[in-house]
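*Asks:* Sharing a structure here in structure tokens format.
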Amino acid sequence: MTAALHALVVDDEQPVLDELVWLLERDDRIASVRATNDGSDALRILEQGGIDLVFLDVAMPGLSGLDIARLLGRFRDAPSIVFVTAHEAHAVEAFEMNAVDYLLKPIREERLRESVRRACADDQHVHPSVDEQIAVELGGVTRFISRTSVAHAEAQGDYVRLHVTDGSSHLVRIPLGTLAEEWAAAGFARIHRSLLVNLATSARCACKPDGAASSSPPATPCWKLQVARRHTRTLRDLIHERAL
């Protein structure tokens, strides 16, 4: 693959900074690498443009990686973001900022290469082809589940509960409306003001209009979901399109 991405590495730990630069320079998808150990300096570089991918240390004195990511949200053409940290505590917040990946120290080269692969996909605007990983909390530990494993999502206040095909469920801090917009191209459809269903796994769900009777399909686990009448025709059409 021809070198394409111009990267910036931001970390206040010099050994980590040097290692990341060295590893990235070994990747033939990376055209150039710039580095800084200061958040303010990183912001100045980013404001100049020309950076496609930025690796941000989460915890730094002054401007942290999370601070920089929030500011990048205001950029017209922001680079892809990969967070780098020794801790898992900020994983959920990182993915809410649309980071393409979240790397834990010490950095493994094969794991870093996967981050670059995700950034290449992000740069080419092909998000639906990437099986997005969602950070969830399980027993006080951050874990990741794939978007394709989510059967449906259910609004619970300002949170969403993701129901997974293995029968587990996870609460994430993101409005259902936002999730519906971001996942529409990946085959998720709004069937109710409080429900979003994965059309690829809709056989696991007994979707029925409000007030109508239904029987569960022979799938385990399965769910009985109410479809708002105004969404019934749209849902039927979408399922038909996927079957063609």
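*Asks:* Going through the stretch 154-173 one residue at a time, which ones are over 17 Å from Leu138 (Cα atoms) and touching a strand residue (DSSP E or B) at 6+ places or on another chain (Cβ under 6 Å)?
*Replies:* Within the stretch 154-173, Glu154 is the sole residue that qualifies.
*Asks:* Taking the residues in the stretch 167-182 that are of a type outside the set (Lys, Arg) and in contact (Cβ under 8 Å) with a residue 40 or more places away in the chain as candidates, determine which candidate is nearest to Ala135 (Cα to Cα).
*Replies:* Residue satisfying both the conditions and the ranking: Val172.
*Asks:* Tell me the strands (runs of 3 or more DSSP E) entirely within the stretch 119-180 that contain at least 1 residues that are modelled with pLDDT under 85 and among the aliphatic types (A, V, I, L, M).
*Replies:* So the answer is 133-138, 141-146.
*Asks:* Give me a count of the residues in the stretch 181-193 that are outside any strand (DSSP E or B), open to solvent by 30 Å² or more (accessible area, probe 1.4 Å) and farther than 17 Å from Val136 by Cβ.
*Replies:* 5
*Asks:* From the residues in the stretch 80-92 that are over 21 Å from Ala4 (Cα atoms) and in contact with a Phe, Trp or Tyr (Cβ under 9 Å, 6 or more places away or on another chain), which one is modelled with the highest pLDDT?
*Replies:* The selected residue is Val84.
*Asks:* Among (1) touching a Gly at 6+ places or on another chain (Cβ under 7 Å); (2) loosely packed, with under 15 Cβ neighbours inside 10 Å, which single condition is Arg74 missing?
*Replies:* So the condition that Arg74 fails would be (1).
*Asks:* Okay, moving on. Do you know which of the residues in the stretch 128-151 that are under 24 Å from Arg118 (Cα atoms) and over 16 Å from the mean Cα position of the chain (by Cα) is most open to solvent (accessible area, probe 1.4 Å)?
*Replies:* Top of the filtered list is Val141.
*Asks:* Does Asp12 qualify as being farther than 16 Å from Leu112 by Cα, in contact with an Asp or Glu (Cβ under 7 Å, 6 or more places away or on another chain), open to solvent by 50 Å² or more (accessible area, probe 1.4 Å) and among the charged types (D, E, K, R)?
*Replies:* yes
The values are calculated or read from the model by the stated rules, or taken from the named source; none is laboratory data. Quick caveat, the model's predicted, so the values are computed rather than measured. Backbone-built Cβ (ideal geometry, glycine too); neighbour counts: all protein chains shown. Note: accessible area is taken over every heavy atom of the protein model, side chains too, but ligands, DNA and RNA are not part of it. Shrake-Rupley method; radii C 1.70, N 1.55, O 1.52, S 1.80 Å.
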